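The values are calculated or read from the model by the stated rules, or taken from the named source; none is laboratory data. Predicted model, so just to flag it, every value in this text is computed and none were measured. Neighbour counts are summed over all protein chains in view; Cβ atoms, including those assigned to glycine, are modelled from backbone coordinates with ideal geometry.
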Amino acid sequence: MHEPTARAFDVAVTGLGLLTPAGRGVEENWSRLLSGASTATRDPGLDGMAIDFSCRVPGFDPAVELGPENVWRTDRFVQLALVAVRDGLQDAGLDPASWEGARVGVVLGNSLGGSTTFEAQHEKLLTGGPRRVSPLLIPMSMLNMVSGFVAIDIHAGGPNLVTASACASGASAVGLARSMLRSGECDVVIAGACESALSGAVLAGLNRMGALSGRRNDPAAASRPFDADRDGFVPGEAAGVLILERMADARARGARIRARITGFGSSSDAHHVTAPDPSGQGVERAVRVALADADVRADEVDHVNAHGTSTPLNDATEATVIHRVFGDRPAVTSTKGVTGHTLGAAGAIEAAFTVLAVERGEVPPTANLSRLDDGVHIDVVQGGPRRRRVEVATSNSFGFGGHNAVLVVAAA
Amino acid sequence: MDTYTDVIIRLMTERFGIPADVQPDATFAELAFDSLALLALALAVEEELGLIIEQDELTTDHTVTTTAELLASKAEGLVA
């Protein structure tokens with residue numbers, strides 16, 4: 001009869017804020033994911049670039065959302081986060097106007113900051129000299145500014161920081177936020193991540209290192225995780241936020257608990273700056289630490305939201321590790337088939353998608369997966385969504401630099 | 001021809017999202033224009049008019065009107 005006490009220290013997800021290429025909010029995102037239709041499309045902002053397609057957040061007007069007086073002070077990566085946080089708090093039934101805020105923490109992941117702003121200002125430096133550089137260059141482009149802006153917006157006076165572990169940043173943020181609740185440091189933590197870095201130099205750099213899909217003639221088919229014909233990822237932008245509270249607090253205020261975050265594991269490949277360790281040992285370590293932290297066995301895991309970037313290297317290594325740890329039991333999906341790879345935001349939006357799979361008992365298909373790679377021996381959901389009871393799920397996120405971060409999500 | 005007051009208000013409206021009916025005698029502090037925003041405004045003025053406002057010449061106690069006066073005195077200095 002010790003379970004209720006243990007669960008009191010668990011961390012509840014009481015709200016989700018989602019601004020992704022698949023849409024805004026839980027319902028738009030979930031129905032797009034279930035449809036299995038990719039969001040990748042020709043991007044007029046990338047005219048003249050070798051890779052001219054991407055996955056952008058559709059229909060986002062920062063002036064309407066935040067007021068014109070706030071737009072010029074902020075880069076888009078911050079704008080997306082501000083709105084996702086507001087949406088998440090509303091979903092959780094929390095009103096910042098009603099709190100004092102000293103025990104509200106903010107932990108957001110990001111990897112490339114305001115690279116679009118930085119590049120535009122660099123152009124001004126080159127063409128007009130140092131006097132033409134905006135005094136807002138630094139506050140608009142440093143990545144930590146996102147949690148700073150959010151704190152100001154919602155009066156969150158608790159611990160405040162940005163995690164930077166590349167494409168694992170969002171998962172790192174959720175894992176750290178969970179620790180801050182379990183230690184008693186905070187009562188509410190706004191956890192998540194954002195990225196909007198679809199700028200010329202960033203995309204040229206990603207392309208030059210061979211990370212991007214070259215499928216210019218058919219962008220909608222370009223992001224195809226675990227498929228035999230995959231050739232790289234499609235870059236995207238997004239913000240995703242999970243409102244986290246201790247289970248006991250969430251219950252006491254009568255909050256709707258979407259799911260629990262019950263485990264977190266992280267590791268480093270300590271192998272190579274960008275290529276995954278083909279042995280998968282680092283990834284496996286993170287998975288096993290997360291399972292141990294959650295006190296669940298591998299054969300209890302029903303669903304894996306894979307990192308599944310659609311690059312040849314990632315998907316092969318990840319599938320090998322998933323098979324080694326779980327066999328073919330869990331229903332595996334990569335939602336990047338639909339959303340593209342939103343880089344630093346990916347771990348957060350995929351944690352949110354995993355919460356929804358647990359809450360709704362449904363696993364979205366992997367978009368564009370028509371012929372499973374011969375080397376992949378796991379159960380990747382394809383064709384359409386699969387209804388199945390999901391008591392326990394994991395979400396994988398890996399980043400350049402060898403960062404691995406794995407979350408365990410369990411039913412409320 | 002646009003007065004300096006017109007130019008400043010236009011820049012504040014177009015680039016900084018301040019409503020067009022801004023009161024020229026309200027202080028920048030009252031308009032929620034902080035020191036960083038003032039530096040950005042000074043840069044916009046410089047790009048538009050070629051008149052340089054130094055960092056210590058503009059504070060949040062200034063108004064659109066006093067800033068226009070400052071610009072007028074600078075322009076006069078250039079002519080003289």
(message) Residues to consider are B:Leu51, B:Leu71; find the one that is outside any loop (DSSP other than H, G, I, E, B), under 12 Å from the mean Cα position of the chain (by Cα) and away from chain A (no Cβ under 12 Å).
(response) B:Leu71
(message) Quick check on my filter: what residues within the stretch B:39-48 are more than 9 Å from chain A (Cβ to nearest Cβ) and either closer than 16 Å to B:Ile18 by Cα or in contact (Cβ under 8 Å) with a residue 60 or more places away in the chain (or both)?
(response) B:Leu41, B:Ala44, B:Val45
(message) For the stretch A:122-158, give me each residue that is in a helix (DSSP H, G or I), within 11 Å of chain B (Cβ to nearest Cβ), closer than 16 Å to A:Phe77 by Cβ and touching a helix residue (DSSP H, G or I) at 6+ places or on another chain (Cβ under 8 Å).
(response) A:Leu137, A:Pro139, A:Met140
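It is to be established whether one or more residues within the stretch B:13-33 are assigned to a helix (DSSP H, G or I), out of contact with any strand residue (DSSP E or B) (no Cβ under 6 Å at 6 or more places or on another chain), within 13 Å of chain A (Cβ to nearest Cβ) and of a type in the set (D, E, K, R).
Taking the stretch B:13-33 as the starting set, the residues that turn out to be assigned to a helix (DSSP H, G or I) are B:13-16.
With out of contact with any strand residue (DSSP E or B) (no Cβ under 6 Å at 6 or more places or on another chain) added as a condition, the list becomes B:13-16.
If we keep only those that are within 13 Å of chain A (Cβ to nearest Cβ) too, we end up with B:13-16.
Within this subset, residues satisfying the condition of being of a type in the set (D, E, K, R) are B:14-15.
Looking for residues that are assigned to a helix (DSSP H, G or I), out of contact with any strand residue (DSSP E or B) (no Cβ under 6 Å at 6 or more places or on another chain), within 13 Å of chain A (Cβ to nearest Cβ) and of a type in the set (D, E, K, R), one finds at least one in the stretch B:13-33, hence yes.
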(message) Tell me which helices (runs of 4 or more DSSP H) are completely within the stretch A:9-93 and hold 2 or more residues being basic (Lys, Arg) and either away from every other protein chain (no Cβ under 14 Å) or more than 17 Å from the chain's Cα centre (by Cα) (or both), or say none if there are none.
(response) A:76-92
(request) Those residues that are crowded, with 24+ Cβ neighbours inside 10 Å, of a type in the set (A, V, I, L, M) and within 16 Å of A:Ala84 (Cα to Cα), I need them from the stretch A:126-149; list them, please. (result) A:Val146
(message) Quick test for you: out of A:Leu203, A:Leu161, pick the one residue that is outside any helix (DSSP H, G or I) and either within 14 Å of the chain's Cα centre (by Cα) or not β-branched (Val, Ile, Thr) (or both).
(response) A:Leu161
(message) Can you report the number of residues in the stretch A:105-125 which are among the hydroxyl-bearing types (Ser, Thr, Tyr), touching a residue at least 60 places away in the same chain (Cβ under 8 Å) and over 23 Å from A:His403 (Cα atoms)?
(response) 1
(request) Looking for whichever is touching a strand residue (DSSP E or B) at 6+ places or on another chain (Cβ under 9 Å) and basic (Lys, Arg) here; the options are A:Arg297, A:Arg288, A:Arg324. Which one fits? (result) A:Arg288
(message) Testing A:Leu112 on (1) aliphatic (A, V, I, L, M); (2) more than 14 Å from every other protein chain (Cβ to nearest Cβ); (3) part of a helix (DSSP H, G or I), one condition comes back false. Which one is that?
(response) (3)
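Per-residue answers, yes or no, for (1) surrounded by 15 or more Cβ atoms within 10 Å (Cβ to Cβ); (2) among the hydroxyl-bearing types (Ser, Thr, Tyr); (3) farther than 22 Å from A:Leu125 by Cβ:
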residue	(1), (2), (3)
B:Tyr4	yes, yes, yes
B:Met12	yes, no, yes
B:Ala20	no, no, yes
B:Ala37	yes, no, no
B:Ala40	yes, no, no
B:Glu48	no, no, no
B:Thr59	no, yes, yes
B:Val79	no, no, yes
(request) Tell me, yes or no, whether the stretch A:337-359 has at least one residue that is more than 19 Å from the chain's Cα centre (by Cα), in a strand (DSSP E or B) and at pLDDT 95 or above. (result) no
